[in-house]
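Notes follow once the structure below has been shown.
The values are calculated or read from the model by the stated rules, or taken from the named source; none is laboratory data. Keep in mind it's a predicted model, so treat the numbers as computed, not measured. When we count neighbours, we look across all protein chains shown, and the Cβ atoms used for this are built from the backbone with ideal geometry, even at glycine.
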Amino acid sequence: MPRATPSDDPPPQPPARPDLDDCCHSGCTQCVFDLYDEALERYELALAAWQQRQAHKARPARRADAKGAKSEPQADAPRSTPARGKPRPRR
């Protein structure tokens, strides 16, 4: 079996939803549906953290210039011109 590496980051797996028959319907303090709800909350937090890590990995790294300083990404699109019309009066 291959070993996991630090670059491996599989998404978290959702908890299995209990069947209606899994509940005894006696008002337990630790109902299977309460446990499922808690597991679902943990899963949603883990999923959000995983998605954030994936988004961070997908961002292009800024390149360093000749002096070693990181440069901001350059936009190649031309800037839009302001709408033409009556000039605004100065105040």
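Exactly one of these conditions fails for Arg88: (1) of a type in the set (D, E, K, R); (2) more than 25 Å from the chain's Cα centre (by Cα); (3) at pLDDT 60 or above. Give me its number.
(3)
Taking the range 29-72 only, how many residues are surrounded by 11 or more Cβ atoms within 10 Å (Cβ to Cβ) and modelled with pLDDT under 70?
1
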